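Here's the structure we're looking at; comments come further down.
The values are calculated or read from the model by the stated rules, or taken from the named source; none is laboratory data. Since we're looking at a predicted model, the values are computed, not measured. Quick reminder, even Gly has a Cβ in these numbers, built from the backbone with ideal geometry, and neighbours come from all protein chains shown.
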Amino acid sequence: MSPSLPYQQASYTISAPRLELCPTDSEAEVAFIGRSNAGKSSAINALTSQNKLARTSKTPGRTQLLNYFTLAPGRYLVDVPGFGYAKVSADMQRQWQHQLERYLQKREVLSGLVLLMDIRHPFMDSDNMMINWCSQSAIPLHILLTKADKLAFGPAKTALLQVRKQLSEKSELATVQLFSALKNQGVDELRAKLDSWLAPSAKEEAGEDSV
């Protein structure tokens with residue numbers, strides 16, 4: 001088994017306003033996506049054990065760019081614009097939507113998507129749209145039921161089982177877990193999932209050694 005990627009050493013790289021300005025050296029990347037109040041930045045900070053790596057804001061919708069964080073050479077996390085909540089003009093919303101669609105459809109090194117859903121309000125319209133898109137495009141999807149600390153253990157477990165059941169009817173490539181950035185709940189499970197998507201394969205490592 002390959003060692004875990006050095007999440008604690010993650011560093012900010014670039015904010016790209018459009019697909020053409022994304023890093024050209026990327027070999028594999030995972031995008032974090034979700035409604036603007038679902039806790040994307042907090043999840044990335046918990047994942048990397050860094051309080052201020054991804055900017056958090058009391059005003060949802062501040063992420064307006066494709067924000068790249070380097071984990072290892074050629075391996076990136078991407079914080080993409082939140083949707084469905086931002087207090088911006090309709091024209092700006094349309095621009096974000098267009099750039100997001102281009103990124104998802106054309107970014108060949110995209111290895112998987114992490115979709116964040118508030119455990120108290122899962123399967124909003126925008127969530128269902130992303131789940132259906134990933135299923136149709138055969139893109140691996142991992143769902144974080146965020147803010148799990150807002151529920152007691154029993155109700156949280158019940159919500160997880162209900163979401164898992166509904167998800168099995170929507171996509172064969174999707175997985176789901178409980179997550180709380182505040183309590184660091186589910187961080188190790190998330191890292192294991194990202195390792196399976198991003199860590200260099202034994203074949204890659206052997207190829208590098210034989211060059």
Residue check for residue 204: at pLDDT below 95, exposed (fewer than 14 other Cβ atoms within 10 Å of the Cβ), in a helix (DSSP H, G or I) and charged (D, E, K, R): no
Within segment 174-184, residues being surrounded by fewer than 19 Cβ atoms within 10 Å (Cβ to Cβ) and in contact with a strand residue (DSSP E or B) (Cβ under 9 Å, 6 or more places away or on another chain) number 2
Can we say residue 122 is at pLDDT 95 or above and either outside any strand (DSSP E or B) or within 17 Å of residue 79 (Cα to Cα) (or both)? no
Being closer than 17 Å to residue 40 by Cα, of a type outside the set (Val, Ile, Thr) and in contact with a Phe, Trp or Tyr (Cβ under 7 Å, 6 or more places away or on another chain) is true for just one of 113, 145, 141. Which residue is that? 145
First in segment 5-29 and closer than 24 Å to residue 82 by Cα and modelled with pLDDT under 95, second anywhere and surrounded by fewer than 13 Cβ atoms within 10 Å (Cβ to Cβ) and not hydroxyl-bearing (Ser, Thr, Tyr), Cβ under 7 Å, 6 or more apart: 19/106
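Quick check: is even one residue across segment 83-101 within 24 Å of residue 197 (Cβ to Cβ), modelled with pLDDT of 90 or more and in a helix (DSSP H, G or I)?
Scanning segment 83-101 turns up no residue that is within 24 Å of residue 197 (Cβ to Cβ), modelled with pLDDT of 90 or more and in a helix (DSSP H, G or I).
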Within segment 171-178, can one find any residue that is on the phi < 0 side of the Ramachandran plot, free of Cβ contacts under 8 Å to residues at least 12 places away in the same chain and not in a strand (DSSP E or B)? no
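Scanning segment 23-36 for residues that are buried (at least 18 other Cβ atoms within 10 Å of the Cβ) and not charged (D, E, K, R), which turns out farthest from residue 120 (Cα to Cα)?
26
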Would you confirm whether or not segment 133-140 contains a residue that is assigned to a helix (DSSP H, G or I) and closer than 24 Å to residue 182 by Cα? no
Can you tell which of 167, 104, 144, 161 is in a helix (DSSP H, G or I) and touching a residue at least 60 places away in the same chain (Cβ under 8 Å)? 104
Residue check for residue 167: surrounded by fewer than 18 Cβ atoms within 10 Å (Cβ to Cβ), modelled with pLDDT under 95 and touching a strand residue (DSSP E or B) at 6+ places or on another chain (Cβ under 7 Å): no
Is it the case that some residue within segment 93-101 is charged (D, E, K, R), under 23 Å from residue 69 (Cβ atoms) and out of contact with any Gly (no Cβ under 8 Å at 6 or more places or on another chain)? yes
